[in-house]
Amino acid sequence: MSAPEGQVLILDGGAIVTMDAHRSEYASGHVVITGNRITAVGAGPAPASAAAAGDSVRRIDGSGCLVTPGLVNTHHHLYQWATRGMAADATLFEWLTELYPVWAAMDAEMVQAAATGALGWLARTGCTTTMDHHYVFPRAGGDVLGATISAAADVGLRFHPTRGSMDLGASSGGLPPDAVVESRDEILAATQAAIEEFHDPSPDSMLRIGVAPCSPFSVTGALMAEAAELARRAGVRMHTHLAETADETQYCAERFGCTPVQYVESLGWLGDDVWLAHGVHLDDAAIASLAATGTGVAHCPSSNGRLGAGVCRVPDLLAAGVPVGLGVDGAASQEASSLVSEVRQAALTARAAGGPRALSVRRALELATIGGASLLGWQDQIGSVEPGKLADIAVWRLDRLPHAGIADPVAALVLGSPPPLELLLVNGRPVVEHDRLVTVDEDAAAAAAQAVSARLAGHVTAERARAGQ
Ligand SMILES: [Zn+2]
């Protein structure tokens, strides 16, 4: 869905951070939007002629606000919104082992409610485009991928779901229980079908599909290699978890005799059409391989902190020329799931490890905007505020108690409290106004997600009773 073609929206009086090629900023400027595209950006008020082009004109007073590109989230598992707060003090492998059986009980209806909650909160925290990595496909679960797509259409976000998968169950030396894995043939057929049904490569696209086997310890090498061939035949992007924890490094050393990056390189999984979630445990040789191949990294600092996974070497990645974006990661390992807060977390994490100049506030915001767009291969259409691009824009209110008086609006956004959103536009259409969702009923979404959590908690209790635990 988008704004009507003849509708003009004129935003005047706010500070603007464009993230264009020159990184232009305006202390007070204007943005003009016609239909779903940005048609003018500049200093001072919009020219009087801007209003003449449209059948209807809406004016928005941006004074006291900061205008940025809509934020782009490059790693998430939306369904996890309904399984937050479990295994709260565990390692990744412990956390996964506790949660796999819970996720196995989720069906399409539950996934849709959970995804609506997660997407709604992403929008409320400045996100206009998100990816999703769904890799649990219970046999009796119905169309769970379709459920996430339906939820994204309801909330109104631009969406890049990836068809995830697991084919390496515990009986074959993998981490997940056999009940949540599929066969390689089933996975490849379902992935091909998802691309044919949903993938829209057009410039105005609201939905692009990617291919995403889950991780080295839940997927066979044969599936990784065949999934890469499928993705490249279809011209879609590729995503997987990699080098998240020291346990994974040890797993790859013992099973494959190499590092995680060497392992996926041997399976065709490096390239400028690939982005990897986490990339925490990378040695210098791995960073050089990612840089040489244009492989990107979705940095998820809050999740890495929550699971004690370690600190991603973001300044080293950037210095080497590796594309980097930000991800909130699944809500079960990152209960806050706030994308604007992830910008702050990225800056603070980099500085805590590497000193005060390790990541500037503007570079941190860059990761969440044009950086994320580049990771998704969407930088020609989104990620910056400039004429010709799609109208995905966040308008942050900075003149209230938490932010009023902070000297630099970018520092206010990145280092201050998460500001209220005056307006969030996706494809020229308001999704958030005055810090509330306008596309779906927030209270109903919260109640629906809570009901799913309660059903899953009941399921866990019943299963434990059956197992005599
Ligand atoms: Zn993840």
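The values are calculated or read from the model by the stated rules, or taken from the named source; none is laboratory data. Just so it is clear, the structure is predicted and the values come from calculations on it, not from any experiment. We place every Cβ from the backbone using ideal geometry, glycine too, and count neighbours over all the protein chains shown. Side chains included, ligands, DNA and RNA excluded: accessible areas come from the protein's heavy atoms. Shrake-Rupley method; radii C 1.70, N 1.55, O 1.52, S 1.80 Å.
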Self-check item: Which numbered condition residue 105 fails, given (1) modelled with pLDDT of 95 or more; (2) small (Gly, Ala, Ser); (3) more than 16 Å from the ligand (Cβ to nearest atom)
Solution: (1)
Quiz item: Applying the selection to the range 197-228, what residues are touching a His at 6+ places or on another chain (Cβ under 7 Å) and either without any contact (Cβ under 8 Å) to a residue 12 or more places away in the chain or not basic (Lys, Arg) (or both)?
Solution: 209, 210, 212, 214, 215
Practice problem: Output the number of residues of the range 146-178 satisfying the condition of being part of a helix (DSSP H, G or I) and open to solvent by 10 Å² or more (accessible area, probe 1.4 Å). | Solution: 9
Quiz item: If residue 219 passes every condition in (1) within 26 Å of residue 349 (Cα to Cα); (2) modelled with pLDDT of 95 or more; (3) within 16 Å of the ligand (Cβ to nearest atom) but one, which one does it miss?
Solution: (1)
Exercise. Looking at (1) open to solvent by less than 20 Å² (accessible area, probe 1.4 Å); (2) out of contact with any Gly (no Cβ under 9 Å at 6 or more places or on another chain), find the lone condition where residue 204 falls short.
Key: (1)
Quiz item: Counting just the residues of the range 405-421 that are in contact (Cβ under 8 Å) with a residue 40 or more places away in the chain and open to solvent by 30 Å² or more (accessible area, probe 1.4 Å), which one comes out nearest to residue 8 (Cα to Cα)?
Solution: 409
Practice problem: Only residues in the range 87-111 that are farther than 18 Å from residue 143 by Cα count as the first member; pair them with residues that are surrounded by fewer than 18 Cβ atoms within 10 Å (Cβ to Cβ) and not aromatic (Phe, Trp, Tyr), Cβ under 6 angstrom, at least 6 apart or cross-chain, and list the lot. | Solution: 87/98; 93/247; 100/177
Exercise. Among the residues of the range 26-57, count how many are assigned to a strand (DSSP E or B) and open to solvent by 80 Å² or more (accessible area, probe 1.4 Å).
Key: 1
Quiz prompt | Selection from the range 332-376 of residues that are in contact (Cβ under 8 Å) with a residue 60 or more places away in the chain, buried (at least 20 other Cβ atoms within 10 Å of the Cβ) and not in a helix (DSSP H, G or I) | solution = 337, 338, 376
Quiz item: So which residues in the range 300-323 are more than 16 Å from the ligand (Cβ to nearest atom) and not small (Gly, Ala, Ser)?
Solution: 311, 313, 314, 315, 316, 317, 318, 322, 323
Quiz prompt | Of all residues making up the range 313-322, the number that are open to solvent by 40 Å² or more (accessible area, probe 1.4 Å) and in a loop (DSSP other than H, G, I, E, B) | solution = 2
Quiz item: Since residue 173 meets every condition but one in (1) among the small types (Gly, Ala, Ser); (2) within 16 Å of the ligand (Cβ to nearest atom); (3) out of contact with any helix residue (DSSP H, G or I) (no Cβ under 6 Å at 6 or more places or on another chain), which condition does it not meet?
Solution: (2)
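Would it be correct to say that residue 166 is among the aliphatic types (A, V, I, L, M) and within 16 Å of the ligand (Cβ to nearest atom)? Before you say what the answer is, go through the steps one by one.
Details: among the aliphatic types (A, V, I, L, M): yes; within 16 Å of the ligand (Cβ to nearest atom): yes.
Considered against the rule, which asks whether it is among the aliphatic types (A, V, I, L, M) and within 16 Å of the ligand (Cβ to nearest atom), residue 166 comes out as yes.
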Quiz item: So which residues in the range 128-137 are in contact with a helix residue (DSSP H, G or I) (Cβ under 7 Å, 6 or more places away or on another chain) and either more than 20 Å from residue 84 (Cβ to Cβ) or away from the ligand (no atom under 16 Å from the Cβ) (or both), if there are any at all?
Solution: 137
Quiz item: Say we look at the range 227-243 and pick out the residues that are touching a helix residue (DSSP H, G or I) at 6+ places or on another chain (Cβ under 6 Å) and over 14 Å from residue 209 (Cα atoms); which of these is farthest from the ligand (Cβ to nearest atom)?
Solution: 243
Quiz prompt | Residues (within 18 Å of the chain's Cα centre (by Cα) and either among the small types (Gly, Ala, Ser) or modelled with pLDDT under 95 (or both)) located in the range 267-293 | solution = 277, 279
Quiz item: residue 303 versus (1) among the hydroxyl-bearing types (Ser, Thr, Tyr); (2) free of Cβ contacts under 8 Å to residues at least 40 places away in the same chain; (3) surrounded by fewer than 24 Cβ atoms within 10 Å (Cβ to Cβ): which is the lone unmet condition?
Solution: (3)
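Have a look at 181, 264 and point out the one that is under 25 Å from the mean Cα position of the chain (by Cα) and open to solvent by less than 10 Å² (accessible area, probe 1.4 Å).
None of the other options fit; the residue is 264.
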Quiz item: Which of the residues spanning the range 422-443 are in contact (Cβ under 8 Å) with a residue 60 or more places away in the chain, assigned to a loop (DSSP other than H, G, I, E, B) and open to solvent by 20 Å² or more (accessible area, probe 1.4 Å)?
Solution: 435, 439, 440
Self-check item: Failed condition for residue 384, given (1) open to solvent by less than 10 Å² (accessible area, probe 1.4 Å); (2) within 16 Å of the ligand (Cβ to nearest atom)
Solution: (2)
Self-check item: Every pair of residues 6+ apart whose Cβ atoms lie under 7 Å, when the first sits in the range 62-80 and is at positive phi and open to solvent by 10 Å² or more (accessible area, probe 1.4 Å) while the second is away from the ligand (no atom under 16 Å from the Cβ) and at pLDDT 95 or above
Solution: 64/397; 64/398; 64/399
Self-check item: Failed item, numbered, when residue 247 is tested on (1) within 30 Å of residue 36 (Cα to Cα); (2) open to solvent by 30 Å² or more (accessible area, probe 1.4 Å); (3) within 16 Å of the ligand (Cβ to nearest atom)
Solution: (1)
Quiz item: Mind checking whether some residue in the range 398-409 is among the hydrophobic types (A, V, I, L, M, F, W, C) and closer than 24 Å to residue 119 by Cβ?
Solution: no
